[in-house]
Amino acid sequence: MTTLHRPAPSPRPYRPRTTPFPQVRPPVTHPARPVPPDRTLACDLALPLGAVGAALLVTALMLTGETAHASAVLALFALLTAAVALRARPVLVPVAALVSWMFYDGFVLHQRSELAFQPQDRTSLLVLLLAGVVGAGCATVVRAVRRHSAG
């Protein structure tokens, strides 16, 4: 009896690999979205930190008894508002000035956390708004100069 044998498969020709490992396609990556230079954590936290700074300033003034010098305290609040406006988004500058005015009016001028709108209150609000606008204007000029020199 004869057995049927399958013919032996022909061996594949030897082809050396060019790399020791099979080539894998690199993952497709998308370029990172450019972050505007104005968009930083400091911009996001400027308003809350300004409110905390105003509260600490009022606390320090009340503890030292320096609330009697309203014009000097207004200058301190104007500096604080300008500093917050330097880092805050321009849209939030009026809010920062309003927060400073509320602390100044409620705790320095009237000392019982009562807000009023008498002539001295309106003047202090105007001063703080102007301080915020000056701070935001300075920040805008600095950003424009940086963009111009970088580009």
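The values are calculated or read from the model by the stated rules, or taken from the named source; none is laboratory data. As the structure is a prediction and not an experimental result, all values here were calculated from the model. Cβ atoms come from the backbone with ideal geometry, glycine included; neighbour counts cover every protein chain shown. Note: areas computed on protein heavy atoms with side chains; ligands, DNA, RNA excluded. Shrake-Rupley method; radii C 1.70, N 1.55, O 1.52, S 1.80 Å.
All conditions but one from (1) modelled with pLDDT under 70; (2) open to solvent by less than 100 Å² (accessible area, probe 1.4 Å); (3) under 49 Å from the mean Cα position of the chain (by Cα) apply to residue 16; the one that does not is (3).
Checking each residue in segment 92-151 for being in a loop (DSSP other than H, G, I, E, B) and either open to solvent by 70 Å² or more (accessible area, probe 1.4 Å) or of a type in the set (A, V, I, L, M, F, W, C) (or both) picks out 111, 112, 113, 114, 115, 116, 117, 118, 151.
Filtering segment 61-91 to residues that are among the polar types (S, T, N, Q), more than 17 Å from residue 124 (Cα to Cα) and open to solvent by less than 50 Å² (accessible area, probe 1.4 Å) leaves nothing.
Table: residues versus (1) touching a Gly at 6+ places or on another chain (Cβ under 9 Å); (2) over 18 Å from residue 43 (Cα atoms).
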residue: 70; (1), (2): no, yes
residue: 100; (1), (2): yes, no
residue: 121; (1), (2): no, yes
residue: 134; (1), (2): no, no
residue: 139; (1), (2): no, no
residue: 149; (1), (2): no, yes
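Scanning segment 41-91 for residues that are in contact (Cβ under 8 Å) with a residue 40 or more places away in the chain and assigned to a loop (DSSP other than H, G, I, E, B), we see that the one that is nearest to residue 109 (Cα to Cα) is 88.
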